[in-house]
Structures are given as C-alpha cells and as structure tokens.
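Asks: For reference, the structure I am asking about is given below.
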Amino acid sequence: MLRKQDDYIMIFQDIFRTTQPLAAGEPGMKPKNKLSRVLIVGGTHGNEFTGAYLIKKFEQFPELIHRSSFETLTLLANPQAFTAARRYINKDLNRCFLRQNLEDSKLSSYEDLRAKEINHLFGQNGKTPVDFILDLHSTTANMGVTIIVDNDEPFNMQLAAYLNYVSPSVKVYSSGNSGRSHNSLRSLGRFGIGIEVGSVPQGVLNADFFLKTEAIIYTILDYLQQYNQGKVPHFPNTLIFYRYMEAIDYPRNERGEIQAVIHPQLQFKDYEVLNPADPMFLTFDDQIISYQGNSTVYPVFINEAAYYEKGIAMCFTEKHQITI
Ligand SMILES: [Zn+2]
C-alpha cells in the first residue's frame, strides 16, 4: 500500500512543523505566471541514489506526483552514470548547461550531448518546455535537507521560505555567484530549485533521506498546485538563508597533494558558526590550521566526496535574513 501525503506528514513531525493545514490565501489572487509543466529530475549525478530511485518510484507510481493544474514529468538525467554508479561518465552534467556550450557543436562528450538532448526536450525553446524544475541531489556533507536557490528570483525564494516555514529544520542555501544559475540543469526552467540531502554516502540509499525527500516533493507539488489556483498559503515571510561566498581548498603541497584532513571539530558541522581562529584542518604533521578570515562564516559542503577533484574542502557562506 502506498502512503498518502498526510501519512508522511504524520511520520515526519520532526521535519514538518504542523499537521494542521495552513490557511489558504484568498481565492482570486490570480497567479502572474501559471505553471503548466513541472519536471522532477534525479540522477543528474549518477551516484546520488536518493533522487535517482525516487524517479524510478514515480515512474512506477505516477499518481503520486499527479496534480490537476499542471503536468508533472520525470527525468533520470544521467542514465549511463547511474548504471555505472558514478557521478558522471566524462564530465559533471550539472556544469554543462551554459548557453554557449549548449550551442557549441564541437562539444561532444557523453554529458555534453546529454545536456543538449535535455535542453531540446525541456529547455525554453524545447519540445515540452518546463516552467519549474526540481533537481534532486544528495551529499556526503551533513547538510540535512537543504533547498538550493540559484538567485534571488522571488518565486523560488517564496517557495524556499514556505518550505522553511512548514519544516524549520530545512535549510536554504543560495548558490550565489558559484555559477549554478547559468550552468546547472535546473537553470533550463523558468523557475527551479535543487534539493540536497545528507549526509548520505555516494551510491547508497538511505531510508530516512529517501522518505524526507519524497515528503518534501509532495509539499512542493501541493504548493505549486495552490499557486496555480491563486491560493498560496499565508505564512510569516521572513527567511534565514545562507549565501555562497567562496570555495575553500585543502592545504596542498607543491605537487598538489592534500596535506591535511578536515579538523574533527569541523567535520559534520555544516551551517554552524566558524569564527576567526577556529580550527579548520589538521595537517599530517599534526598542526592545526585555523580560519584566518575576519568575519564569521557558515561552512557547508564540508568534506563533500565529489568535491575532492574540484579542489573544494568546503564552501563558506554568510547568513542572511530577509523579508520576502
Ligand atoms: Zn549532486
């Protein structure tokens, strides 16, 4: 027996603030940009099994993601990488969607071709252009359930604020100037967000994060349905979010080899305060390397396995509070 969404809300009272439905907005508040097509994407990174297997589940039980006011489509974005349980075959698919790259006929790696194919299907000039893209990811960092927005686009921020309201443990991360607003798969949609859950090892399904991701997908689909009906729920409109500042590499020797581990006091402390002089790394000769900056930062993606090859040990963010 498949569970209904209400059951998920009962199960996940730890992530959902309330089992009471929120008051609906006034009917008659006409949405400015009604959504007609929503795309749920998993397996953009082939070894992130949470999203990939949720896509498999939704393909098997499409009624779970059916909502009457829009069409819901699914996509297993990188099937070859998923089969190989690898992040990618030739290059990171989620960096392949720059407009100039999509138009560059010389780019012909598996992921470049796949990006062009996905753009032809779902891009704004594609066969079935999508209004909203929900891209499902997992991380080996301890980021819990994180909503990723790539810019300050009001529709996405409003949705992120809503999810943070109904589920206060959900964090909101803005990828800022890290490039995702231009080169990620979700940048193809008019609107779109990412969901990042962890800590989950690569190539592993974890029931807790699988069910939490599934629950938040239903909450998002219901929100989009209410939006289309001009009935977006009322909720307090302040939002705390964490904006990307810079990526921090591991200490390396002259040959480029890593010379330290994340300091044990920092491991798994995503979204926690890192103050000047706090320890960041422990070198192989047992020296502590501390944070040398002048301002408090909030590291995320601490010790993300996929980022070793990118030269990223963590990303610094700054904490913001805004009124939507
Ligand atoms: Zn990913």
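Asks: By how many nm would the segment from residue 124 to residue 190 grow when fully extended, if each residue of separation counts as 0.36 nm and the alpha-carbon distance is taken off?
Replies: Gain on extension, residue 124 to residue 190, equals 23.0 nm.
Asks: Helix-only mean residue ellipticity at 222 nm, the chain, DSSP H runs n ≥ 4 weighted -39,500 (n - 2.57), per residue, nearest 500. What is it?
Replies: Helix contribution divided over all residues of the chain: -7000 deg cm²/dmol.
Asks: Go ahead and run the numbers for FRET between residue 238 and residue 34, Cβ-Cβ distance against an R0 of 30 Å, rounding to 0.05.
Replies: Values: r = 27 Å, r/R0 = 0.90.
Efficiency, rounded to the nearest 0.05: 0.65.
Asks: Let me ask you something else. How do 225-233, 98-106, 63-71 rank on mean C-beta neighbours within 10 Å, highest first?
Replies: 225-233, 63-71, 98-106
Asks: Would you kindly derive the ³J(HN,Hα) couplings of the stretch 152-157 from the backbone phi angles with the Karplus curve 6.51 cos²θ - 1.76 cosθ + 1.60 (θ = phi - 60°), listing them in order in whole Hz, with x for Gly and Pro?
Replies: 8, 3, x, 4, 5, 5
Asks: Considering amide H positions built from the backbone, and no H for Pro or chain starts, which residues 5 or more places from residue 317, or on another chain, come under 5 Å of its amide H?
Replies: Here the answer is 245, 298, 300, since their amide H atoms fall under 5 Å of that of residue 317.
Asks: Of the listed pairs 116/212; 57/310; 269/319, which have alpha-carbon separations greater than 23 Å here? Intermediate values should be presented prior to the final figure.
Replies: Working: 116/212 31 Å; 57/310 32 Å; 269/319 15 Å.
Exceeds cut-off: 116/212; 57/310.
Asks: Related question: Is the shape of the stretch 115-185 rounded, prolate or oblate, going by the alpha carbon gyration tensor and its root eigenvalues a ≥ b ≥ c, with a/c under 1.5 for rounded and a/b larger than b/c for prolate? Don't skip to the answer; put the middle values down first.
Replies: Values: a/c = 2.07, a/b = 1.69, b/c = 1.22.
It is prolate, given that a/c is not under 1.5 and a/b is the larger ratio.
Asks: When the chain is fully extended, how far beyond the present Cα-Cα distance does residue 268 get from residue 294, taking 0.36 nm per residue of separation?
Replies: Contour length minus Cα-Cα distance gives 7.1 nm.
Asks: How big is the dipole moment of the chain about its Cα centre under a simple scheme where the beta carbon of each Lys and Arg is +1, that of each Asp and Glu is -1, and everything else is neutral? Debye, nearest 20, please.
Replies: For this selection, approximately 980 debye.
Asks: In sequence order, what are the phi-derived ³J(HN,Hα) couplings for the stretch 42-52 according to the Karplus relation 6.51 cos²θ - 1.76 cosθ + 1.60 with θ = phi - 60°, rounded to whole Hz, with x for glycine and proline?
Replies: Result, ordered by residue: x, x, 4, 10, x, 9, 9, 6, 3, x, 4 Hz.
Asks: How much length, in nm to one decimal, is gained on full extension between residue 90 and residue 320, taken as 0.36 nm per residue of separation minus their Cα-Cα distance?
Replies: So the extension gain works out to 79.1 nm.
Asks: With each pseudo-label sitting 7 Å past Cα toward Cβ, what's the residue 287-residue 169 distance in nm, one decimal?
Replies: In this crude label model, residue 287 to residue 169 measures out at 4.0 nm.
Asks: Hey, rough spin-label estimate for residue 277 and residue 222, points 7 angstrom out along Cα→Cβ, what's it come to in nanometres?
Replies: 4.9 nm
Asks: Can you list the residues, at least 5 places off or on another chain, whose amide H is less than 5 Å from the amide H of residue 192, using H built in the peptide plane?
Replies: Long-range HN contacts for residue 192: 133.
Asks: Using the beta-carbon distance between residue 59 and residue 104 and R0 = 35 Å, what value does 1/(1 + (r/R0)^6) give for FRET efficiency, to the nearest 0.05?
Replies: The computed FRET efficiency comes out at 0.65.
Asks: With a bin width of 10 angstrom, please list the P(r) values of the stretch 241-323 as percents of all Cα-Cα pairs, from the 0 bin to the one holding the largest distance.
Replies: Bins of 10 Å from zero give 18, 52, 25, 4, 1 percent of pairs.
Asks: Please report the antiparallel percentage of DSSP beta bridges with both residues in the stretch 5-236, rounded to the nearest 5.
Replies: In the stretch 5-236, DSSP labels about 20 percent of beta bridges as antiparallel.
Asks: So, one more: Using θ = phi - 60° and the Karplus curve 6.51 cos²θ - 1.76 cosθ + 1.60, what whole-Hz ³J(HN,Hα) does each residue of the stretch 94-107 get, with Gly and Pro shown as x?
Replies: 7, 10, 9, 9, 4, 3, 5, 6, 5, 9, 8, 6, 6, 7
Asks: Counting only residues 5 or more places away or on other chains, whose amide H sits under 5 Å from the amide H of residue 47 once H atoms are built in the peptide plane?
Replies: Here the answer is 86, 87, since their amide H atoms fall under 5 Å of that of residue 47.
Asks: Which peptide among 135-145, 259-269, 171-181 comes first, and what is the full order, when sorted by highest mean count of other Cβ atoms within 10 Å? Please report the intermediate quantities before stating the final value.
Replies: On the way: 135-145: 23.7, 259-269: 16.6, 171-181: 19.8.
Ranking the peptides 135-145, 259-269, 171-181 by packing returns 135-145, 171-181, 259-269.
Asks: Same structure again: Report, as a whole number in µm² per second, the diffusion coefficient that Stokes-Einstein gives for the chain at 37 °C and 0.692 mPa s using the Kirkwood radius over alpha carbon pairs.
Replies: 160 µm²/s
Asks: Separate question: How far apart, in nm, are two points set 7 Å out from the Cα along the Cα-to-Cβ line at residue 66 and at residue 80?
Replies: For the pair residue 66/residue 80, the computed spacing is 3.5 nm.
Asks: Among 169, 184, 108, whose mean-square fluctuation peaks in a Gaussian network model of the chain (Cα, cutoff 10 Å)?
Replies: Result: 108 has the largest fluctuation of those listed.
We did not get these values from a lab; they are worked out from the coordinates using the rules stated. Here the structure is a predicted model, which is why all the values come from computation and not from measurement. As a convention, Cβ positions derive from the backbone with ideal geometry for all residues, glycine included, and neighbour counts pool all protein chains shown.
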